[in-house]
Amino acid sequence: MTLASITNLSAHYTAGDQRFHALDDVALDVRPGQVLGVVGESGCGKSTMASVLSLNPGPSLRVTSGTLAIGGRDVDLTDTASHRALRGGTVALLPQGALNALNPTRRVGAMAHDILAAGDRRITRAESLRRTAARLEALELPPRVLRAYPHQLSGGMRQRVVTALATLRNPRLLVADEPSSALDVSSQRLLVDLLRRLVADGLVEGIVFITHDVALLSELADRIAVMYAGRVVEEAPAKDLVAAPRHPYAQALLASVLVPEPGTRGHRVTGIPGAPPDLRAPIPGCPFAPRCAHALDRCADERPPRLVIGERDDSCWRSAEAEEAAHVR
Amino acid sequence: MALLRHILSKLGWYAAAFAAALALNFFLPRLLPGNPVDTLIGQALRGHASSETKQRVYETYVAEFGLDQGLWSQFLTYIGKTLQGDFGTSFSRYPAEVATMIGDALPWTIALQLPAVLLGWIIGNLVGAVAAYRRGGFDRSVYLSSLFLTAAPYYCLAVLLLYGLAVALPLFPTGGGWSFGNSPEWSAMFAVDAVSHWFLPFLSLLLVFIGGQAIGMRSMAVYEVDADYVRFAESFGLPDRKIVGYIFRNGMLPQITGLALAIGTLVGGALLTEIVFSYPGIGTLLYDAILNKDYPVIQAVTLLVLIVVLVANFLVDVLYGLIDPRIRAAERGER
Amino acid sequence: MKALKALPARFHIAAAVFLLIAAAGVAGPLAATAGPGDLLGGPFVPPGADFLLGTDHLGRSVGVQLVHGIRTSLYIGLLAGVAGTVLGVLIGTLAGYRGGLADEILMGLTNIMITVPAIIVLLLLSISLDTRSVTVMGICIGAVSWPWTARAVRSQIASLRQREHVDIARLSGSRTWRIIAVELLPYMMSYIVMAFVIQLYGAILAEAALSLLGLGPSGTASLGVMLHWAIAWESIRGGQWWVFLTPTVFITAITFSLLLVQSSLDTVFNPRLRVGKAAR
Ligand SMILES: Nc1ncnc2c1ncn2[C@@H]1O[C@H](COP(=O)(O)OP(=O)(O)OP(=O)(O)O)[C@@H](O)[C@H]1O
Ligand code: SF4
Ligand SMILES: [Mg+2]
């Protein structure tokens, strides 16, 4: 059973006459009541995917194919004009870099009312404020925040306000794009607790949680997807993936992040030799091939198939051939 | 009272600028070589009347402005008189008081400029914000037509409108403040007549203001439409008009400063429009005064424009303090 | 110049229009057999075989006046544009690079000059000058139009000054003028070019406005002077369209093309204005 599932999602940015293939045939499932974690190097397309998934791609992004099945309907991701009605209520985005997400000349309460009124035109201001105050309280913010302008709040408070606003309309699917990276440890705790609680109480039916912090994900997420160069290369239950990643990129990524020393938690991915590929031309084979220690001859030219085994899947020729060999035997 | 402090701190600056304007107005013409005020009077009265009239005018002027004294005491006399609202006597329409002439012309100019500036500001900024938000074809056509409206000097648009809508296609009167044979009075008939004369010059100013503001707002709003807060608001499916409102409010803040800085050019340009339409305001008064070398009138008009510009700047500063919560906060010393 | 290729089509069109008009202003007066003040025919002769653009209220050829007028307007514009840009860059650089008291004083002056409308100062200057040669007008206009440039240059210099290569030059003992000439100004060239176009535009407008008020250059035609007489002799109400339309169209064409050139340069040098293709 799935709450939301994306299939066949491809998109590119245009800049002048150049194209930048940011997403290449992405498929993902979010199950009801679960948190799906997404990890990957900086620039691999996580925020791009978040913008498409939250039905609000930027003006320079062109979605060329893709469907989002959610709540019993299929949303054509290329047809952005039909998305507005679903934004905020069906899917909502908790954006990366929340510090500037608030309109500098609008009070928090007024902004919250705008958001609620976008879903329910008859809602009264008082009702909006009451609901917002309740949500703010869950994040340990005093009601006076309603009357504040963004510049009157500290960075951590602003992040929490953004979180409160993003979840205000109890969206079915919440897409959180690195909501925790700018936070101190205790604010992070609060945020993670709130997200968990929202899912547990059924106010939000599922969450896609994007982060660089694999350690955090292994606690918070039910399943984890690993992205590389605009593709999902592996997806598996969180514990399995952290314990035994299959895809060579996932292995390298985990090896470089999960150094068992305190203080390295949440560090950006470093230590995989080589650089991510240039995405200005589509890549026919496996994008990881130039950096992969296990690369086979066909890796550079042929697209690795997606191999589903039980609860997990990955897209790699090595796994595919190992599986084939197992069958032959 | 943060706002009060904000205003007071600005007030000192404006007092200095006002003093500079007064000095400029007085000394500039007098410091240039070979131009004693005598010559000016001589020129103004050239070909005029008998030598007796000439003598009388001359004496009036010498007495009024203390021309027999040194430059500094003349300046003091000038300041004293100016502060009392006494601008002396006109050369060309002797013995009319300059202050009365200005008083007669001013209401017409205000009736023309004030609505055009306010309406043009609002419409122009809205159009600019919408253009930046919509992008694409709408944006391009708004941009080019606004650029055209601002690029062409005020009076050129005025010439085109006057010829197009009053001469070639006689929909409106061809100029003046009212019809020949009518005279200013408080009656419905006169009001209708005056409005029909007012409309074309008003329209020409309005269009120019809209163009200028739209260009300015668009270039501010282009920075805003990509801002995180706009993307965040969009992600909730907020209606376009709400989002344009957000952009408008944020893009407007720098636009207000822009308005303050541009107001001198606006007022100056608008005066030239009056000339094209022979509209009986300050601009036409100035034009006639220059033709007749009516120095006291010219000086009074330039001073008036300087004062208006300073006052407008000051008001805009106050307004800015009222609108931007960040300024209010900074004044209050909040973070 | 890769940047030139990136410029939109409207840049090339606008630049071509401007250059064509300028060429007419340079070549026209040389080719014309008569002067702008010569009375060649009857008053208000409509355009035809004798006079391509007709004659004005005195019987002077509008066409001959036009080419001379363009030349005068461009001459004043160029002179004032160069003067205004040089002054603005000098003052802005000095204020931005020196900082401190020099900055305070220069910017205080600049702000006052910006607040006081230039046209008023020009007007006061002009009425005191009995004969106004084109050169004097150009210099006067240039002398009051520098503040906008100075202000913008100052803020650019103040931020450039923080750059590493400037620090290195300073620490290695380069002289101030050398740092400014070698380390700062080259980074501002594109900006200075745009400032010059704007100055040129502003100066042509200022000349036209002064002339319209009857304070134009003595003894020669300019676009503003032509419009002044056209209005003074009621040619609009009289329907003699060739008399008033000629200067109006050419003033508009010159200013619009200059502004288009400037705004296209701006989109190239200032990528954020390239809407829709914006690279983050
Ligand atoms: N507006 C844009 N125009 C062109 N290219 C873009 C644009 N936005 C992003 N990109 C490119 O698309 C790729 C994916 O960007 P994205 O923001 O999705 O990465 P990310 O995985 O979220 O990275 P990070 O972890 O740093 O947030 C990047 O390489 C980036 O250079
Ligand atoms: S497909 Fe080939 S190159 Fe890509 S990860 Fe697997 S083994 Fe490495
Ligand atoms: Mg990102």
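The values are calculated or read from the model by the stated rules, or taken from the named source; none is laboratory data. Quick caveat, the model's predicted, so the values are computed rather than measured. Note that each Cβ is placed from the backbone with ideal geometry, even for glycine, and that neighbours are counted across all protein chains shown. Just so you know, the surface numbers come from the protein's heavy atoms only, side chains and all, with ligands and any DNA or RNA stripped out. Shrake-Rupley method; radii C 1.70, N 1.55, O 1.52, S 1.80 Å.
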Find the residue count for region C:200-221, including only residues that are closer than 18 Å to C:Ala24 by Cα and in contact with a His (Cβ under 8 Å, 6 or more places away or on another chain). 2
Pick out the one residue from A:Asp25, A:Asp29 that is away from chain B (no Cβ under 14 Å), within 16 Å of ligand 2 (Cβ to nearest atom), among the acidic types (Asp, Glu) and in a strand (DSSP E or B). A:Asp25
Say we look at region A:279-299 and pick out the residues that are within 28 Å of A:Thr14 (Cα to Cα) and in a helix (DSSP H, G or I); which of these is most open to solvent (accessible area, probe 1.4 Å)? A:Pro290
Look through region B:165-186, keep the residues that are over 30 Å from B:Phe148 (Cβ atoms) and open to solvent by 40 Å² or more (accessible area, probe 1.4 Å), and return whichever of them is farthest from the other protein chains (Cβ to nearest Cβ). B:Trp186
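Listed here are the residues, each with its yes/no results for (1) over 17 Å from B:Leu157 (Cβ atoms); (2) in contact with a helix residue (DSSP H, G or I) (Cβ under 9 Å, 6 or more places away or on another chain); (3) among the β-branched types (Val, Ile, Thr).
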{"site": "C:Leu212", "(1), (2), (3)": "no, yes, no"}
{"site": "C:Thr220", "(1), (2), (3)": "yes, yes, yes"}
{"site": "C:Leu223", "(1), (2), (3)": "no, yes, no"}
{"site": "C:Trp229", "(1), (2), (3)": "yes, yes, no"}
{"site": "C:Gln240", "(1), (2), (3)": "yes, yes, no"}
{"site": "C:Val243", "(1), (2), (3)": "yes, yes, yes"}
{"site": "C:Val249", "(1), (2), (3)": "no, yes, yes"}
The conditions are (1) away from ligand 3 (no atom under 16 Å from the Cβ); (2) assigned to a loop (DSSP other than H, G, I, E, B); (3) of a type outside the set (A, V, I, L, M), and A:Pro276 fails exactly one of them. Which is it? (1)
Only helices (runs of 4 or more DSSP H) wholly contained in region C:166-280 count here; list those with 3 or more residues that are farther than 25 Å from C:Val144 by Cβ and open to solvent by 30 Å² or more (accessible area, probe 1.4 Å). C:185-212, C:241-269
Among the residues that make up region A:33-53, is at least one of them charged (D, E, K, R), within 16 Å of ligand 2 (Cβ to nearest atom) and within 30 Å of A:His247 (Cα to Cα)? yes
Do we have any residue at all in region B:93-104 that's touching a Gly at 6+ places or on another chain (Cβ under 7 Å) and either outside any helix (DSSP H, G or I) or at pLDDT 85 or above (or both)? yes
When A:Ala138 is run through (1) open to solvent by 10 Å² or more (accessible area, probe 1.4 Å); (2) of a type in the set (A, V, I, L, M); (3) closer than 25 Å to A:Gly43 by Cβ, the failure sits at (3)
Identify, please: which residue in region A:79-108 is touching a Gly at 6+ places or on another chain (Cβ under 7 Å) and open to solvent by 60 Å² or more (accessible area, probe 1.4 Å) and is, among those, nearest to the other protein chains (Cβ to nearest Cβ)? A:Arg84
Can you tell which of A:Glu302, A:Glu324 is in a helix (DSSP H, G or I), away from ligand 1 (no atom under 16 Å from the Cβ) and among the acidic types (Asp, Glu)? A:Glu324
Could you tell me how many of the residues in region B:271-280 are more than 12 Å from chain C (Cβ to nearest Cβ) and surrounded by fewer than 23 Cβ atoms within 10 Å (Cβ to Cβ)? 1
Within region A:230-238, is even one residue modelled with pLDDT under 90, surrounded by 17 or more Cβ atoms within 10 Å (Cβ to Cβ) and either away from ligand 3 (no atom under 16 Å from the Cβ) or within 14 Å of chain C (Cβ to nearest Cβ) (or both)? no
All but one of (1) crowded, with 20+ Cβ neighbours inside 10 Å; (2) out of contact with any helix residue (DSSP H, G or I) (no Cβ under 7 Å at 6 or more places or on another chain); (3) of a type in the set (Val, Ile, Thr); (4) in a strand (DSSP E or B) hold for A:Thr14, so report the exception by its number. (1)
Give the residue, chosen from A:Val75, A:Val52, that is within 14 Å of chain B (Cβ to nearest Cβ) and more than 16 Å from ligand 3 (Cβ to nearest atom). A:Val75
Output yes when any residue across region A:187-209 is open to solvent by less than 30 Å² (accessible area, probe 1.4 Å), free of Cβ contacts under 8 Å to residues at least 60 places away in the same chain, within 25 Å of A:Met49 (Cα to Cα) and assigned to a loop (DSSP other than H, G, I, E, B), and no when none is. yes
Just wondering, is there one or more residues in region B:207-218 that are modelled with pLDDT of 90 or more, farther than 29 Å from B:Lys10 by Cα and within 13 Å of the chain's Cα centre (by Cα)? no
Tally time: how many residues in region A:142-179 are buried (at least 23 other Cβ atoms within 10 Å of the Cβ), part of a loop (DSSP other than H, G, I, E, B) and within 16 Å of ligand 1 (Cβ to nearest atom)? 1
Anything in region B:79-132 that is farther than 26 Å from B:Gly176 by Cα and either surrounded by 23 or more Cβ atoms within 10 Å (Cβ to Cβ) or basic (Lys, Arg) (or both)? List them, or say none. B:Lys81, B:Gly124, B:Asn125, B:Gly128, B:Ala129, B:Ala131, B:Ala132
Name the pairs: first residue in region A:43-56 and over 13 Å from A:Ile70 (Cβ atoms), second residue more than 16 Å from ligand 2 (Cβ to nearest atom) and acidic (Asp, Glu), Cβ to Cβ under 6 Å, at least 6 apart or on different chains? A:Ser47/A:Asp177; A:Ala50/A:Asp177; A:Asn56/B:Glu234
Answer from A:Ser5, A:Ser60 - the residue that is of a type in the set (Ser, Thr, Tyr), more than 16 Å from ligand 2 (Cβ to nearest atom) and modelled with pLDDT of 90 or more: A:Ser5
Condition met for B:Leu238 (of a type in the set (A, V, I, L, M) and either within 14 Å of chain C (Cβ to nearest Cβ) or touching a residue at least 24 places away in the same chain (Cβ under 8 Å) (or both)): no
Number of the exception - A:Thr67 against (1) within 15 Å of ligand 1 (Cβ to nearest atom); (2) part of a strand (DSSP E or B); (3) not aliphatic (A, V, I, L, M): (1)
Pick from B:Gly283, B:Gly264, B:Gly268: which is open to solvent by 10 Å² or more (accessible area, probe 1.4 Å) and either in a helix (DSSP H, G or I) or within 23 Å of B:Tyr163 (Cβ to Cβ) (or both)? B:Gly268
Can you name the residue in region C:11-59 that is acidic (Asp, Glu) and free of Cβ contacts under 8 Å to residues at least 40 places away in the same chain and is also surrounded by the fewest Cβ atoms within 10 Å (Cβ to Cβ) among such residues? C:Asp50
